[in-house]
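See below for the structure under consideration.
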Amino acid sequence: MNFEFQNNSPVYLQMADILESAIVSGTFKPGDRLPSVRELALQSRTNPNTVSKALNELERKGLIETRRTSGKFVCLNDEALKKQRLEIAYGLCAGFLKEMSSLGFSREESLALLARGEYDANADRKPE
């Protein structure tokens with residue numbers, strides 16, 4: 001995992017986002033044990049308290065669960081994972097449309113450009 005943090009939001013929230021992406025993308029599968037707080041703190045070069053706050057955030061969202069004496073595990077609830085994955089996708093779409101709007105593109109133009117970009121990427125061609 002790539003732990004690169006920005007100054008625009010708290011580190012624990014950024015870490016929670018990174019771990020959440022790893023969970024919903026399938027890097028960590030349902031039932032997988034997550035690295036320990038200590039391991040994640042070493043990997044991310046952060047304080048263990050920061051890691052704990054990030055993990056608590058994921059637990060609050062229902063993405064992970066704590067098993068006493070065994071550690072933290074990705075939840076087995078596929079519906080919760082699918083829901084969170086969709087929420088992330090909606091956020092990305094909204095951000096894309098907002099950025100395109102700031103460039104002067106309408107929603108329809110933005111979607112057309114996106115569709116064309118996907119076609120060109122699949123055809124190994126660059127857009128004209």
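Every number here is computed from the coordinates shown, using simple stated rules; none is lab data. Keep in mind it's a predicted model, so treat the numbers as computed, not measured. Quick reminder, even Gly has a Cβ in these numbers, built from the backbone with ideal geometry, and neighbours come from all protein chains shown.
Summary of computed values
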item: Under 15 Å, Cβ to Cβ, from Arg68 - net charge with Lys/Arg +1 and Asp/Glu -1; result: +1
item: 222 nm mean residue ellipticity, helices alone, for the chain (DSSP H n ≥ 4; -39,500 (n - 2.57); rounded to 500); result: -19500 deg cm²/dmol
item: Ala115-Gln6 FRET efficiency (beta carbon distance; Förster radius 30 Å; 0.05 resolution); result: 0.45
item: GNM flexibility winner over the chain from Leu63, Leu113, Leu40 (Cα, springs under 10 Å); result: Leu113
item: Cleavage-rule hits, trypsin sites (Lys or Arg not before Pro), the stretch 22-93, DSSP coil, Cβ neighbours within 10 Å at most 16; result: Arg45, Lys61, Arg68
item: Shape of the stretch 79-122, Cα gyration tensor, a/c cut at 1.5; result: oblate
item: Matching label, Kirkwood radius over Cα pairs in Å computed from the structure shown, candidates (i) 15.5; (ii) 15.1; (iii) 16.7; result: (iii)
item: Out-of-range pairs (alpha-carbon distance over 18 Å; input Lys53/Lys82; Lys29/Lys72; Lys29/Lys61; Lys29/Lys82); result: Lys53/Lys82
item: Long-range amide H partners of Asp32 with built H, under 5 Å; result: Val74
item: Neighbourhood net charge (13 Å Cβ-Cβ; Lys/Arg +1, Asp/Glu -1) for Glu39; result: +4
